[in-house]
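The values are calculated or read from the model by the stated rules, or taken from the named source; none is laboratory data. In this text the structure is predicted, and so the values were computed from the model without any measurement. Don't worry about glycine lacking a Cβ; one is built from the backbone with ideal geometry, like all the others, and counts go over all protein chains shown. The area values use the complete protein model at the heavy-atom level, side chains included, leaving out ligands, DNA and RNA. Shrake-Rupley method; radii C 1.70, N 1.55, O 1.52, S 1.80 Å.
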Amino acid sequence: MRLLSPASFLQTRVARRVLGLFVVCALVPVVALAAIAYRQVTSELENQARQRLRDESKATGAILFDRIAGLADALNIEGRRTGRFTSLALERPGRPIEPLLGEIGPIPPLDSKQLLHLAHDGVALVAVPSADSARIFLVRDVAGPDGVTLRLWGAVSGETMWSRRADRSPAPPGMQLCLLTATGEPLSCSPRPAAAELGRLVGRGTGTFTWQQGNERHLAGYWNLFLGRPFAAPPWTVILSLPESSVLAPLASFRRTFALAVALALVVVFVLSHVQIRRSLTPLQELDVATRRIARGDFAGTVDVRSGDEFAALAGSFNQMSGALHRQFATLAALHEIDRAALSAEAAEPVLHTFLARARLILGCDAVVVALADPDDATRWSVTVQAAAEATPAEHQIRPSPEELAELAASPDELRADSAQPTRSYLASLGSSRDRALVALPLLKGRKPYGVLAFGWTRSSEPSPAERRQARQLADQLALVLSNAFHVRELDRLSWGALTALARTIDAVSPWTAGHSERVTRVALEIGRRLELPSDDLTLIHRGGLLHDIGKVGVPVAILDKPARLTDEEMRIVQQHPAMGARILMPIRAFRDAIPLVLHHHEQLDGTGYPDGLRGEAIPLAVRILTVADIYDALVSDRPYREGWPSERALMLLQEGAGTKFDSRAVTALADALATGWTVEQPNDGAVAPRLSELAAAP
């Protein structure tokens, strides 16, 4: 096999597409995984930083509390010797402030809470924010030498409390400390977040937030330092922050590694795909030429590929396929007319006659026999024979023997009817098998035969293997056409059977509900017929009647079988069953047209029904008919707490509400039906009606 030259390698669209696919398939996962990993690592680093900031803000608050407590313990007349206060002063009642250490300056007023705290021998903390440096005071009452209570004031510098020196700062290294008063004013804050951001943190306990300083994003954690009980002071908010760049610093090496990995992957993928694509394009081009030739209807040529790989095997399969196609197209041309007949006919008979006429021409046989079981009586078969000498097919009835049926079931692919065996009943009209080569092809449903397709050739023209395969193909096509016709009939039966089974399953929730849905359906259909409704409306009523109480599967059996009056809560649960039934049916497209009957069959003309309180013509006619049928069956059926009413009494109740609660035409139609002696046929299981339908109208 000749490889493409490097100069022509990327000149074909396939080569460029495959190369691009190789590159994309390699790079996309690498880039996607790297992006996901980068995002997860970034998120994890940020989460860890937030947790650390939250924890460290609490620890810093504890350190500040300890420092305040230490200063409070050191606040006494001798405190000037400790060096921990910048100034000390005594306040005597009615006298000027007496400095003891330094110049204390103006002192702030104390509120009633702080005065009460001092009276109980406590130490009060007073913080006075300032644009330059906050002033912090500790105050306590002391006894003077003459027995008069004096007030000792001690001023503390911010450096004593929150020194920014690394060896004295309460904040961990690298973190920036900010202290706020209870009103959101900063005591010490550098750098300082926006005032609006700081104001939202006051009194919020603990947490984290982000803030922007120029182009730098900061992560911050905060904690409220409560000073009320020990120092009669409002809480301080302790904020620790870190630049986001320091949090994400470990990702710098990851970005460099990622770029190198992507570049290496690109080089490796390009080299490998370059080599592989060059080896694959030559046989691909050969196959492309052969495919175009077949598209023009030329099946004679072959593809010669000797690469020794899957392309060579594909070329061999391609050659076999072109030969098979050459044989099949001749058959397909003749089958086309049979297909058209199958598509246009609504029953199996026209297709069968077309098949008989064309099958003999396709296979070159002189007789075709089709024997089919009656759909309603499997023991009776209809046999149709198309012979070369007859212009029209001949038909007759047979009853195949059990031995013949067993023989067909034992030979599902083909049955040779040669002269050594007795004549079968379905081939009897062809005469002796000595004169013909007969091939019978069973038509099976599962392992059970329901028909036979037989072909007869004169002894001078034995069927070839290709003709036998074509005969099997024709049998399969006939089986498909017949199966479709049978299935349409069976599906219609199955559909209504399934709906009836579903209705019985619904009514089996309680022994008092068995048979209710079927009886209601029969009553509603009789009313619809007497009102001369179209067949589509009757079909809708039929479907809706069987499904109308499907929502009862969600009502507890204890409520359905309760022999006493229902409570308000139990009544509320029961009245949910129409909406529940509508929700159950909503996903089933085939039943959606029945949903209004399920949802509204407890609505009444005066709007007193449920669940939506519809009135008058807003309730569809089919629903109004179903409502009358439902209530009638409920009243005449036994309940756990009473026996069923006589038909006359139930009809009287409906007539009293006709035009106000119930549709008058539906009530009149029901009355006419009962007057003629019509009755609802009871199911074999002796079912009785449920409590639910009584709720709409029973007294």
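Can you list the lysines whose alpha carbon is less than 18 Å from that of K562, not counting same-chain residues fewer than 8 positions off? Once the sequence-local lysines are set aside, what remains near K562 is K552. Computed extension gain for V31 through A466, at 0.36 nm per residue and net of the alpha carbon distance, reaches 150.9 nm. Protection proxy ranking, highest mean first, for peptides 549-560, 531-542, 236-247: 236-247, 549-560, 531-542, where packing is the per-residue count of other beta-carbon atoms within 10 Å, averaged. Label reach from V557 (point 7 Å along Cα→C-beta): in the range 564-600, amide nitrogens under 18 Å belong to 564, 574. As a fraction of the 1.4 Å probe accessible area of the range 211-274, surface on carbon and sulfur atoms comes out at 70 percent.
For the range 82-136, the solvent-accessible area works out to 59 Å² per residue, with a probe of 1.4 Å and every protein chain left in place.
Would you mind telling me the share, in percent, of accessible area of the range 509-618 contributed by carbon and sulfur at probe 1.4 angstrom? C and S fraction of accessible area: 56 percent. In this structure R17 has an accessible area near 150 Å², from a 1.4 Å probe over the protein heavy atoms. Projecting label points 7 angstrom from Cα along Cα→Cβ for R642 and E569 puts them 2.6 nm apart. Computed from the Cβ-Cβ distance with R0 of 30 Å, the FRET efficiency linking L115 to R204 stands at 0.55. Between I77 and S157, the C-beta separation translates, for a Förster distance of 22 Å, into a calculated FRET efficiency of about 0.60. Between R39 and E532, full extension at 0.36 nm per residue minus the direct alpha carbon distance yields a gain of 170.5 nm.
The residues of the range 201-240 have, on average, 42 Å² of accessible surface per residue, using a 1.4 Å probe with all protein chains present. For V289 and A143, the difference between the fully extended length at 0.36 nm per residue and the C-alpha to C-alpha distance is 41.1 nm.
For the pair the range 605-673 and the range 218-250, the centres of their Cα atoms are 73 angstrom apart.
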